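Engineer: Take a look at this one; I'll ask things after.
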Amino acid sequence: MYPNDRRYSKEHEWVMIEPDGRALVGITHYAQDHLGDVVFVDLPKPGAKVAQFQKLGEVESVKAVSDIFSPVAGQVAEVNERLTSKPELLNQDPYGMGWIARLSAVNRDDAKALMSAQEYEAYLKQLE
């Protein structure tokens, strides 16, 4: 359920380092499942610099409003504008069409410090 090509944070975000060195960021299946139906996504501003675990945006669902934290430091190069009109993509495809932001100038060491898919799944079992 959790793709092996990504790293995961305890705040339930994922990051995938792309071949060009940029990083794609989103929320995990666990996060979207616990949020319920997503109705709004507050995306970061392109060009914004973020530190690791700094607030990147917000997700509003029928249940709650939750902060999105950047799993790695970098600069927002691109945001998923489709989420503006189709926030439900976070529920439908959190690892594909539901990505949130693409970061450049990424600190790769930040990603190394995050959990692998197996470690994240073990972490989730502790939360049950």
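The values are calculated or read from the model by the stated rules, or taken from the named source; none is laboratory data. Small disclaimer: the values here were computed from a predicted structure and weren't measured. Counting neighbours? That spans all protein chains shown, and the Cβs are built from the backbone with ideal geometry, glycine included.
Engineer: Picking from Val59, Val72, Val25, which residue would you name as being buried (at least 20 other Cβ atoms within 10 Å of the Cβ), closer than 13 Å to Arg7 by Cα and in contact with a helix residue (DSSP H, G or I) (Cβ under 7 Å, 6 or more places away or on another chain)? Even if it seems obvious, please write down each step before you answer.
Structural biologist: On the way: Val59 fails: closer than 13 Å to Arg7 by Cα; Val25 fails: in contact with a helix residue (DSSP H, G or I) (Cβ under 7 Å, 6 or more places away or on another chain).
The conditions single out Val72.
Engineer: Considering every residue within the range 61-75, establish whether at least one is hydroxyl-bearing (Ser, Thr, Tyr), in contact with a Lys or Arg (Cβ under 9 Å, 6 or more places away or on another chain), at pLDDT 95 or above and within 23 Å of Gln92 (Cα to Cα). Before the answer, list the steps.
Structural biologist: Of the range 61-75, the ones hydroxyl-bearing (Ser, Thr, Tyr) are 61, 66, 70.
When the remaining residues are screened for being in contact with a Lys or Arg (Cβ under 9 Å, 6 or more places away or on another chain), the result is 70.
Restricting the remaining residues to those that are at pLDDT 95 or above gives 70.
The next check asks that each one be within 23 Å of Gln92 (Cα to Cα); those that pass are 70.
Yes - at least one qualifying residue is present in the range 61-75.
Engineer: Arg102 - would you say it is within 24 Å of Glu18 (Cα to Cα), out of contact with any Pro (no Cβ under 8 Å at 6 or more places or on another chain), of a type in the set (Lys, Arg) and at pLDDT 95 or above?
Structural biologist: Working: within 24 Å of Glu18 (Cα to Cα): yes; out of contact with any Pro (no Cβ under 8 Å at 6 or more places or on another chain): yes; of a type in the set (Lys, Arg): yes; at pLDDT 95 or above: yes.
Yes.
Engineer: If a residue must be under 13 Å from Gln75 (Cβ atoms) and surrounded by 13 or more Cβ atoms within 10 Å (Cβ to Cβ), how many such residues does the range 36-45 contain?
Structural biologist: Going through the range 36-45, the residues under 13 Å from Gln75 (Cβ atoms) turn out to be 44-45.
From the residues that got through so far, the ones that are surrounded by 13 or more Cβ atoms within 10 Å (Cβ to Cβ) too are 44.
Final tally of qualifying residues: 1.
Engineer: Could you tell me how many of the residues in the range 19-51 are assigned to a loop (DSSP other than H, G, I, E, B), within 28 Å of Gln118 (Cβ to Cβ) and over 12 Å from the mean Cα position of the chain (by Cα)?
Structural biologist: Quick first cut of the range 19-51, residues assigned to a loop (DSSP other than H, G, I, E, B) only: 19-22, 28, 36-37, 43-48, 51.
Filter once more, keeping what is within 28 Å of Gln118 (Cβ to Cβ): 19-22, 28, 36, 51.
Filter once more, so that each one left must be over 12 Å from the mean Cα position of the chain (by Cα): 19-22, 36, 51.
Number of matching residues: 6.
Engineer: Filtering the range 1-18 down to residues that are of a type outside the set (A, V, I, L, M, F, W, C) and within 14 Å of Ala113 (Cα to Cα), which residue is surrounded by the fewest Cβ atoms within 10 Å (Cβ to Cβ)?
Structural biologist: Taking the range 1-18 as the starting set, the residues that turn out to be of a type outside the set (A, V, I, L, M, F, W, C) are 2-13, 18.
Now narrow it down to the ones that are within 14 Å of Ala113 (Cα to Cα): 6-11, 13.
Working: Arg6: 24, Arg7: 23, Tyr8: 24, Ser9: 25, Lys10: 13, Glu11: 15, Glu13: 23.
Per the criteria, the residue is Lys10.
Engineer: Quick one: how many residues across the range 52-80 are of a type outside the set (Val, Ile, Thr) and over 15 Å from the mean Cα position of the chain (by Cα)?
Structural biologist: Just the residues of the range 52-80 that are of a type outside the set (Val, Ile, Thr), to begin with: 52-58, 60-61, 63-64, 66-67, 69-71, 73-75, 77-78, 80.
Among the residues that remain, those that are also over 15 Å from the mean Cα position of the chain (by Cα) are: 61, 63-64.
Summing the residues that are of a type outside the set (Val, Ile, Thr) and over 15 Å from the mean Cα position of the chain (by Cα) in the range 52-80 gives 3.
Engineer: Looking at the range 42-51, can you tell me whether even one residue there is among the β-branched types (Val, Ile, Thr) and closer than 25 Å to Met1 by Cβ?
Structural biologist: Initially, the range 42-51 is screened for residues among the β-branched types (Val, Ile, Thr), giving 50.
Checking the rest, the ones that are also closer than 25 Å to Met1 by Cβ come to none.
Within the range 42-51, not a single residue is among the β-branched types (Val, Ile, Thr) and closer than 25 Å to Met1 by Cβ.
Engineer: Could I ask something else about it? Across the range 84-101, what is the total count of residues that are closer than 13 Å to Gly36 by Cα, touching a Leu at 6+ places or on another chain (Cβ under 9 Å) and either assigned to a loop (DSSP other than H, G, I, E, B) or not hydrophobic (A, V, I, L, M, F, W, C) (or both)? Don't jump to the end; show me each part of the working.
Structural biologist: Filtering the range 84-101 down to residues closer than 13 Å to Gly36 by Cα leaves 87-92, 94.
Then keep just the ones that are touching a Leu at 6+ places or on another chain (Cβ under 9 Å); that gives 89-91.
Keeping just the survivors that are either assigned to a loop (DSSP other than H, G, I, E, B) or not hydrophobic (A, V, I, L, M, F, W, C) (or both) gives 91.
Total satisfying the criteria: 1.
Engineer: Restricting the search to the range 105-121, which residues are over 13 Å from Ser70 (Cβ atoms) and charged (D, E, K, R)?
Structural biologist: Across the range 105-121, the qualifying residues are Arg108, Asp109, Lys112, Glu119, Glu121.
Engineer: Could you list all residues from the range 75-97 that are buried (at least 18 other Cβ atoms within 10 Å of the Cβ), over 15 Å from His12 (Cβ atoms), of a type outside the set (A, V, I, L, M) and touching a residue at least 40 places away in the same chain (Cβ under 8 Å)?
Structural biologist: Pro87
Engineer: Here is a further query. Can you tell me which residues in the range 102-128 are among the small types (Gly, Ala, Ser), part of a loop (DSSP other than H, G, I, E, B) and more than 14 Å from Arg6 (Cα to Cα)?
Structural biologist: Narrowing the range 102-128 to residues among the small types (Gly, Ala, Ser): 104-105, 111, 113, 116-117, 122.
Pick out the ones that are also part of a loop (DSSP other than H, G, I, E, B) and you get 105, 113, 116.
Listed by number, the list holds a single entry, Ala105.
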